[in-house]
Amino acid sequence: MRQLFLCLLLSIFSIDAYTQNQKLNLQGAWKLVIVQQIDDNKIETVFPGKYTGEQIKIWSGKQVLFVGRYQVESKTEEQYGMGTFKLDGKRYEEYYPVFSYKPWEAKIIRLKIEMKKDTLVQTFPLNEKFESDESTIYIEKYIRVN
């Protein structure tokens, strides 16, 4: 009986892992709908809010591209990046040889990525162990546009 229960439990976890991997089909275009900043355990929605505008992120094969234009007070900012990505379960890495935010250009950016219903959720930055060791964490949420 114990073996049957263990087999059943393992089957449930296997189905859940398979389902999670199936849900993480990133291919196509996604629109940024919200950005939250967690700073010293305080959550603030910065987009929309402090920032207005739009951003699109596109995955094709192993390539990733994003482009956005934001309004911050009376100033317009453009953000963009083009590079490659790796996905292993919820562990996700991006490498942008072209990035408008120069401190992250040509560096590996580690994120946790997951689907929550129809929303793609990215949490970053993470260290080599895919854990947060920064005082400020960002959560970006996207919806598929195609």
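Here are the numbers:
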{"read-out": "Of all accessible heavy-atom area on segment 85-146, the percent that carbon and sulfur account for (1.4 Å)", "value": "50"}
{"read-out": "Among 101-110, 135-144, the order from most to least packed when residues are scored by Cβ within 10 Å on average", "value": "135-144, 101-110"}
{"read-out": "For SER132, net neighbour charge (Lys/Arg +1, Asp/Glu -1) across residues whose Cβ lies under 13 Å away", "value": "-3"}
{"read-out": "Cross-link pairs beyond the 20 Å C-alpha cut-off, checked among LYS86/LYS107; LYS31/LYS112; LYS57/LYS107; LYS75/LYS141", "value": "LYS75/LYS141"}
{"read-out": "Ranked by how many other beta carbons lie within 10 Å on average, peptides 53-59, 114-120 from highest", "value": "53-59, 114-120"}
{"read-out": "Between segment 44-69 and segment 106-134, the Cα center-to-center distance that results, in Å", "value": "15"}
{"read-out": "Sites GLU73 and VAL121 - FRET efficiency at Förster radius 22 Å, r taken between beta-carbons, to 0.05", "value": "0.20"}
{"read-out": "Separation in nanometres of the label points that stand 7 Å from Cα toward Cβ, at ILE143 and GLU128", "value": "4.0"}
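The values are calculated or read from the model by the stated rules, or taken from the named source; none is laboratory data. Small disclaimer: the values here were computed from a predicted structure and weren't measured. Cβ sites come from the backbone with ideal geometry, for glycine too, and all protein chains shown count toward neighbours. The area values use the complete protein model at the heavy-atom level, side chains included, leaving out ligands, DNA and RNA. Shrake-Rupley method; radii C 1.70, N 1.55, O 1.52, S 1.80 Å.
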